[in-house]
Amino acid sequence: MAHNEYLLQVRDLTKYFYRQRFFSSDREPIRAVDGITFSIRKGETLGLVGESGCGKTTAGKAILRLIEPTSGQVLFKEGNILDLNREDLRRLRPHMQFIFQDPYESLNPRMRVGEIVGEGLEVHRIAQGKDKADRVSEILEKVGLHPGDAIRYPHEFSGGQRQRIGIARAISLNPQLIVADEPVSALDVSIQAQILNLLMDLRDQLGLTYLFISHDLRIVKHISDRIAVMYLGKMVEMANGEDLFRRPLHPYTQILLQAIPKLDPSKRSQGAPLREEFCPHDLKKGCLFQPRCPHSKEKCQMEEPLLLDHGEEHLVGCHFVS
Amino acid sequence: MEFQTKSFWHYFKQNRLAVAGLAIILVVFFIAGTASLIAPYDPGKTNVSKKLKSPSSEHLLGTDQLGRDVFSRMLYGSRISLSVGLVAVAISLVIGVFVGAIAGYYGRWADAVLMRFVDIMLCFPSFFLILTVVALLGPSMLNVMVVIGITSWMGTSRFVRAEFLSLRERDFVQAARALGMKDRRIILRHILPNSLAPVFVTATLDVATAVLVEAGLSFLGFGVQPPAPSWGNILTEGRTYIFDAWWLTVFPGLAILMTVLSFNLLGEGLRDALDPRLRGRR
């Protein structure tokens with residue numbers, strides 16, 4: 001497979017948070033993202049799932065350098081984003097955008113919608129004045145808002161509409177890559193479908209590539225070509241969406257899939273429930289999932305499993321792939 | 001923190017004292033603006049034959065040792081008190097917002113250096129610092145305003161820093177960064193407008209302090225110099241005659257008291273009215 005086929009390649013990305021102490025920083029860091037590697041092809045959507053606190057959002061922000069990663073490589077458009085200086089990074093920003101989870105937090109309450117959506121055009125000198133206003137109207141229509149909404153303030157809109165404004169802002173600079181961080185999880189179920197459909201329509205119209213972060217497997221299945229599962233800062237399984245749902249190989253993925261509510265009671269599974277949560281920092285070696293794993297064996301306590309390909313680009317990090 | 005004027009007034013109106021404070025401040029502003037129109041006499045005109053007359057229908061607040069009309073001098077004095085208060089606070093706001101914004105936005109060593117500087121500034125007994133500087137530069141209204149301004153910005157800067165620290169982590173600021181905006185634009189367009197409301201509360205309280213400091217300086221003879229009338233120096237001149245002509249000290253004292261009290265009440269009212277919105281941030 002030729003490399004230039006990939007729009008984004010993330011290699012061994014880590015983000016550690018060090019607790020601030022007054023005299024020393026010798027404490028163990030919090031490993032929010034601990035060496036994740038994946039690639040996204042042009043036009044593809046990669047779903048990133050995992051329970052809350054597993055580092056999904058941190059990973060997404062670190063890739064765009066909204067948070068400075070600790071180490072690793074992020075290859076985007078033939079260069080490593082992590083090597084860029086401030087000014088070069090600023091110039092690259094239009095090509096990669098972020099959609100935020102909470103539409104009430106992500107819009108400046110003191111700016112009009114038109115200013116919010118048009119600010120990027122102005123900053124990068126793409127359009128000014130009348131030209132900018134026209135472009136903003138066009139973008140607002142694209143996301144299903146009215147051009148007249150440009151003069152209104154964010155608080156006049158509902159959650160779903162606000163998320164459309166956030167999406168409008170993200171596509172305003174014609175990006176190639178969009179990292180969408182739980183873009184629908186703050187919304188009502190009825191609105192979720194609308195926003196998901198909008199995101200898929202925009203992907204087809206504008207040729208976008210998504211990194212779609214979510215904790216909801218059903219939503220991820222709906223929108224993604226491939227799915228990556230994260231657990232405690234590490235990737236445990238990655239596969240084609242269909243494949244992952246048909247034959248989940250990692251015990252954690254299996255449990256996640258079993259946890260999806262089903263309409264038909266007779267199809268409800270009797271799978272082993274996830275064992276209690278625990279403090280990940282107690283764990284010095286071995287598989288991170290081992291303390292909660294229903295199939296845990298001695299080897300799991302001693303040795304950390306590697307992420308290996310089990311055919312058809314189905315990567316799993318488990319010693320005992322069933 | 002949206003600008004909901006309606007709910008703001010709703011809360012503000014409930015605080016009667018704050019409304020009274022606002023009313024008094026507006027009256028003082030009106031007097032300062034129209035002093036030359038409503039003053040019955042020239043504040044500098046002496047008339048030794050009518051010195052130290054007690055309040056009467058001719059001289060509402062009596063006359064001083066040189067026969068000048070105290071009422072007229074008080075009216076003109078309000079200009080000095082207000083302009084010193086406002087200009088000094090404006091200077092302290094500019095410095096305080098600038099220092100706080102840089103410290104809060106950039107964090108790390110910029111924050112450490114600037115905040116330690118604030119700590120150092122706070123260690124000086126500011127009134128004596130002001131006295132020293134005025135003694136060296138010579139007392140004038142401009143010097144008093146500038147010196148009060150540059151010795152009173154520390155509270156504001158700490159406040160602004162705290163606001164910036166929390167605002168810079170908010171999603172809409174990150175979105176601005178993701179769009180590739182420069183720091184200056186993020187600070188001026190995205191963070192600062194969202195941090196100003198509580199800053200104005202402290203500014204209002206600072207005006208009260210500045211008015212008081214000016215009166216104190218004038219009383220000690222380091223403030224606005226006679227014959228220009230300020231509440232502080234009317235008070236000083238009257239001190240000598242306190243047993244014979246009580247009106248020379250009581251009225252300027254009352255004026256200072258009322259003005260300072262009003263600014264404090266207004267500031268507290270503003271703070272209370274803004275607070276429910278601060279708690280329910282969106």
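The values are calculated or read from the model by the stated rules, or taken from the named source; none is laboratory data. For clarity, every value in this text was computed on a predicted model and none was experimentally measured. No Cβ is skipped: glycine too gets one built from the backbone with ideal geometry, and neighbour counts run over all protein chains shown. Areas reflect the complete protein model, heavy atoms only, side chains present, ligands, DNA and RNA absent. Shrake-Rupley method; radii C 1.70, N 1.55, O 1.52, S 1.80 Å.
Residue B:134 passes every criterion in (1) of a type in the set (Val, Ile, Thr); (2) surrounded by fewer than 17 Cβ atoms within 10 Å (Cβ to Cβ); (3) more than 18 Å from the chain's Cα centre (by Cα) apart from (2).
Among the residues here, residue B:176 qualifies as assigned to a helix (DSSP H, G or I), out of contact with any Phe, Trp or Tyr (no Cβ under 9 Å at 6 or more places or on another chain), within 12 Å of chain A (Cβ to nearest Cβ) and open to solvent by less than 40 Å² (accessible area, probe 1.4 Å). Regarding the range B:200-217, can at least one residue be identified that is assigned to a helix (DSSP H, G or I), among the polar types (S, T, N, Q) and within 30 Å of residue A:108 (Cβ to Cβ)? Yes. With the structure loaded, tell me whether residue B:117 is open to solvent by 10 Å² or more (accessible area, probe 1.4 Å), more than 20 Å from residue B:209 (Cβ to Cβ) and without any contact (Cβ under 8 Å) to a residue 60 or more places away in the chain or whether it fails that test. For residue B:117, the condition - open to solvent by 10 Å² or more (accessible area, probe 1.4 Å), more than 20 Å from residue B:209 (Cβ to Cβ) and without any contact (Cβ under 8 Å) to a residue 60 or more places away in the chain - is met.
Just a yes or no: is a residue in the range B:195-215 open to solvent by 50 Å² or more (accessible area, probe 1.4 Å) and within 14 Å of chain A (Cβ to nearest Cβ)?
Checking the range B:195-215: at least one residue is open to solvent by 50 Å² or more (accessible area, probe 1.4 Å) and within 14 Å of chain A (Cβ to nearest Cβ).
Counting only helices (runs of 4 or more DSSP H) wholly contained in the range B:29-142, the ones carrying 1 or more residues that are in contact with an Asp or Glu (Cβ under 6 Å, 6 or more places away or on another chain) occupy B:70-106.
Counting only residues that are more than 7 Å from chain B (Cβ to nearest Cβ), crowded, with 19+ Cβ neighbours inside 10 Å and not in a helix (DSSP H, G or I), the range A:71-109 holds 7 of them. Only one of the numbered conditions (1) part of a loop (DSSP other than H, G, I, E, B); (2) away from every other protein chain (no Cβ under 12 Å); (3) modelled with pLDDT of 85 or more is not met by residue B:159, and that is (1). Here the helices (runs of 4 or more DSSP H) wholly within the range A:197-311 that include at least 1 residues being at pLDDT below 90 and hydroxyl-bearing (Ser, Thr, Tyr) are A:251-258. For the criterion of being among the hydrophobic types (A, V, I, L, M, F, W, C) and buried (at least 20 other Cβ atoms within 10 Å of the Cβ), residue A:62 passes. Taking the criterion of being surrounded by fewer than 21 Cβ atoms within 10 Å (Cβ to Cβ) and touching a residue at least 60 places away in the same chain (Cβ under 8 Å), the residues of the range A:206-215 that qualify are A:207, A:215. Every listed requirement among (1) open to solvent by less than 10 Å² (accessible area, probe 1.4 Å); (2) touching a His at 6+ places or on another chain (Cβ under 6 Å) is met by residue A:227 save one, (2).
Would you mention how many residues in the range A:46-66 are more than 9 Å from every other protein chain (Cβ to nearest Cβ) and either hydrophobic (A, V, I, L, M, F, W, C) or assigned to a helix (DSSP H, G or I) (or both)? Qualifying residue count for the region: 11.
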